[in-house]
1. If you average the sequence gap of Cα pairs under 8 Å that are 6 or more apart and divide by the length of the chain, what percent do you get for the contact order?
2. The list [x] 118; [y] 178; [z] 241 gives values of volume of the Cα convex hull per residue in Å³, and only one came from this structure; which label was calculated from it?
3. For the chain, what is the charge dipole size about the Cα centre, in debye to the nearest 20, if Lys and Arg each add +1 at the Cβ and Asp and Glu each add -1 at the Cβ?
4. From the C-alpha gyration tensor of segment 227-276, pull out the three semi-axes of the equivalent ellipsoid (sqrt of 5λ each), sorted largest to smallest, in whole Å.
5. Quick one: which of 239-246, 85-92 comes out on top by average Cβ neighbours within 10 Å, and what's the full order, highest first?
6. Taking the full set of protein chains and a 1.4 angstrom probe, give the accessible area of Ile63 in square angstrom, rounded to the nearest 10.
7. Can you pick out the pairs among Lys283/Lys354; Lys196/Lys218; Lys13/Lys50; Lys22/Lys69 whose Cα atoms lie more than 22 Å from each other?
8. Between Arg194 and Ser387, what is 0.36 nm times their sequence separation minus the Cα-Cα distance? Round to one decimal in nm.
Amino acid sequence: MPTFKAIVDTSAKRKDGTMNVKIRVTHQRKTLKVATSIYVDSTQVTRSGKFKDERVIDMCEDIVRKWRKLASQLGTAEELSVADVVRFIREVEKRESFSLDFIAFGRKIAEVMNKGTARTYTTALNALCRFVGSDKLDIRHITVRFLEEFEKFVANEPAHKADRHGKLHEQKRTKEGGRAVSSYLGCVRALHNRAKFEYNDEDRGVILIPLSPFNKYKVKQAPRTKNKAVELEVVQALADLADNTSTKVCTKALNRANMARDMFLLSFGLAGMNSADIWALRKSALKGDIITYERAKTASRRADRAEMSIRIEPQVMPLVERWLDHTDSDRLFVFGRYYADAQAFNTAINQGLKVCLAELRKVEGLEGLGNLTHYMARHTWATLARSARLNIDKYTVHEALNHIDNTMRVTDIYISRDWSNIWNANAKVVGLVDWSEI
């Protein structure tokens, strides 16, 4: 069994005359002297190195008593060296004194994520701050009970919306569909696992974050997304919609309603391309009538960088040409001049679509049209592709939407991408609309 004794070397003085108190650890006839945070001067020890100060004696006895207790956890420790014993004690002390601000850690991780993912994590962290009433949270406080209470908080809290300055405002409406619970708790789980990966070293037995609350607490699955597709008649009505000339919907020399109409149709005509990808496209992406890009939402999570290649059908080409950037900018479209990021671009599209929606409701048969957003173009493309009109197989639709599919990941390694299936499917969907007004 190791032995411990507090000592001081009176011959080793610092410039200020103080000497460090060390704990001499002896085991298997080997000795190590371990420095402590205690320093004494010549008035507190005798010439032979014995302690005279009762306060110092008490502090040393506390350390020795604690180390003996820790060493007792090692049993006989016959197979361990004195260095192993000291290492064990130091690592236990480190674990006991360890603290990690989970909020600060999460924000640091979010800084290196792509904007869309970072926004989701930041929103979850902001909700966590509202829940604990502070912008700090010790990771040791995240227990099963904590997570259950946070889940209730998220489910019952009114929705919040950030203004253009980033300040959050509570909304009258509540969260819809329960997706916030799944999203927020999923972010907390991912960050908790990341923290354990970074700070725990199981091979060396260093477990600074011992709790694993997600072994018991299970994050609820997100409810199935409601199909947000619109009828083919709505797409046709948009394609037939005349240019809006009102100055009330113009911003920086750009008519938002006309831009929104064209972006909905462009997304539909390019197999459901997201607004973030339209905004980010570079001139190098366009080769003849082919656009090749990496889907921003999932590029960082896939080995193939979520590459997508889509052929521009002749009916859709006028929309592409209308919004090309003819300056020296490397951007394919002009939207980078007007909108600082993809989120602002998407917001402008949806605001413009509200103006279009008012006009569409004047069309016979569309009076009851409830809502219209840019993302509906993607849903509509997929729904029409799988409909009885076209009956395009589900895997082709899946490929065209460029979704992650873990079940097909290994198979995909052996298959060279043939974009023609997607191009042919898109041509059929595009062919359902009369684009003559475009």
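The values are calculated or read from the model by the stated rules, or taken from the named source; none is laboratory data. All values derive from a computational prediction rather than experimental measurement. When we count neighbours, we look across all protein chains shown, and the Cβ atoms used for this are built from the backbone with ideal geometry, even at glycine. Remember, those area values only see protein heavy atoms, side chains included, never the ligands or the DNA or RNA. Shrake-Rupley method; radii C 1.70, N 1.55, O 1.52, S 1.80 Å.
1. Value for the chain: 12 percent.
2. Computed from these coordinates, volume of the Cα convex hull per residue in Å³ corresponds to label [z].
3. Working: 73 positive and 55 negative charges, 370 e Å.
With Lys and Arg at +1 and Asp and Glu at -1, about 1780 debye.
4. That gives 22, 14, 8 Å for the three semi-axes.
5. On the way: 239-246: 14.0, 85-92: 18.4.
Order by mean packing, descending: 85-92, 239-246.
6. Its accessible surface works out to 40 Å², give or take rounding.
7. On the way: Lys283/Lys354 30 Å; Lys196/Lys218 18 Å; Lys13/Lys50 15 Å; Lys22/Lys69 18 Å.
Checking Cα-Cα distances, Lys283/Lys354 exceed 22 Å.
8. 65.3 nm
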